[in-house]
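Here is the structure we will look at, set down as C-alpha cells.
The values are calculated or read from the model by the stated rules, or taken from the named source; none is laboratory data. None of the values given here were measured: they were computed from a predicted structure. Note that each Cβ is placed from the backbone with ideal geometry, even for glycine, and that neighbours are counted across all protein chains shown.
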Amino acid sequence: MYRLLLGLLLCLALGVLSAGPCRTAAGDEAQSYPLPLAEMTRLVGNWLAGQGLPVERSQPAPDQVQLQANNDQGQWVILLEPHSALSTLVRVSYHAQDGGTSPAPADLAAYLRHYPKETPAVSPFPAKAPPEVMQGVAATVCLRTVAAEPAQEITGFVIDAKLILSTAHGLSEQVAIRGTTTEGKAFTGTVLKLDRERDLALIGSDMAHDGSIAVHGGKNILDDNERVYATGCPANLRGVVYRGAIVAEPRRIGPHPYWQVRMEVHPGSSGSPVFDAQGALVAMLMGRYRGTDSTGFLIPLETIMDFLREHLRQCNTEDTK
C-alpha cells in the first residue's frame, strides 16, 4: 500500500464536533464549542447586546478576540480563540456587583449549547455539472464509524486502490469504519494516520477500488468567485454534487490557510473532494458555519499534499528501521 502511495507522490514532480472542556496553553480552563471564531464572536457579541450590555471588542493577540461588557450590574470579560478552524475556546470572567441581576455565565453557556443545530433538507443535484466533475463521483465514498458514540458520518475519496482521504474530526486511530461506494458496495476501513491540526485522515480500505481521484493533477490557486463543485454524502446520501463559489482569498486560522466557499454544506459532507470546472482537485470540504448551510471552509490542496508527504516520510523511516 505504501509503495503505491510512494508512486502516487512521485508523480507530483516533486466529520460532528462536540463541546467539551479543555486546557489552554496558559493552563486556564476554557470551554470548546464547535463554532468558528468569527461566528462565535458574532454570537457572543449579539447575546451580550441582547442583555442590554454595551460591548467593546479588542484583539489582545493575532488569533484572539476579547469582548468586554460593563454596567452597574457587573463586568464581563470574554476571551475567544480558535481551537481549530471549526471550533473556538471560550474563557469567561464575570464579576457581579452587589445586588446585580445580570445573567450569569451559566446563561451564556446554555445559550451556546442550544445554538440551532438543525439544517435544511438536502437539495437535489444541481441542474448541470461538468462531465469532468461527475467522474469524481465514482471515487467518492460514504464513511460511518462503528461502535462509537455518537456515530460519525462523513465523506471520503479514494486516492489509490486501497487508500482514502477524509477529515479527522470525529475519528480516532482505534475506531472501526464502515464504508459504502456510490454503487452501494460495502467495505471496512482502518485509520492509518490522523492529523488533528490539519483535520486530515488517511484511511486504509480492505477492498480495492476501481476509480481514484488524482491529487497530483490538482491546483492550488483559485480566483475570487471561481466556481467549484463538491461530491459527497450529505445525510448519508450517496453521490450528491453541489456547486459553489470561492468568496475570498484563503483565511489563516492558526498556522493553516482555509478557503471560504459559498456552497450548501450539510452534515455528512465533511471530507468531500472539491473540484474546479475542469474536474481538477482543488480542496477538501472541512465543514460549515453552524448557523448556516451556505458558508463552508475548504482545506487547500497544498495542505493535503503536505499531509501526504509527511505520511510518506514516516513510512520510509519505518521501512529503514
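State the number of residues belonging to region 270-287 that are modelled with pLDDT of 90 or more and either more than 20 Å from residue 135 (Cα to Cα) or within 11 Å of the chain's Cα centre (by Cα) (or both).
Quick first cut of region 270-287, residues modelled with pLDDT of 90 or more only: 270-286.
Then drop every residue that is not either more than 20 Å from residue 135 (Cα to Cα) or within 11 Å of the chain's Cα centre (by Cα) (or both), which leaves 270-272, 284-286.
Qualifying residue count for the region: 6.
All conditions in (1) more than 27 Å from residue 194 (Cβ to Cβ); (2) in a strand (DSSP E or B) hold for residue 278, with the sole exception of (2).
Once region 146-185 is narrowed to residues that are under 17 Å from the mean Cα position of the chain (by Cα) and part of a strand (DSSP E or B), the residue that is farthest from residue 215 (Cα to Cα) is 153. Would it be correct to say that residue 76 is aromatic (Phe, Trp, Tyr) and either out of contact with any helix residue (DSSP H, G or I) (no Cβ under 7 Å at 6 or more places or on another chain) or under 27 Å from residue 260 (Cβ atoms) (or both)? It is false that residue 76 is aromatic (Phe, Trp, Tyr) and either out of contact with any helix residue (DSSP H, G or I) (no Cβ under 7 Å at 6 or more places or on another chain) or under 27 Å from residue 260 (Cβ atoms) (or both). Could you tell me whether region 77-100 includes any residue that is in a loop (DSSP other than H, G, I, E, B) and at pLDDT 80 or above? Scanning region 77-100, I find no residue that is in a loop (DSSP other than H, G, I, E, B) and at pLDDT 80 or above, so the answer is no.
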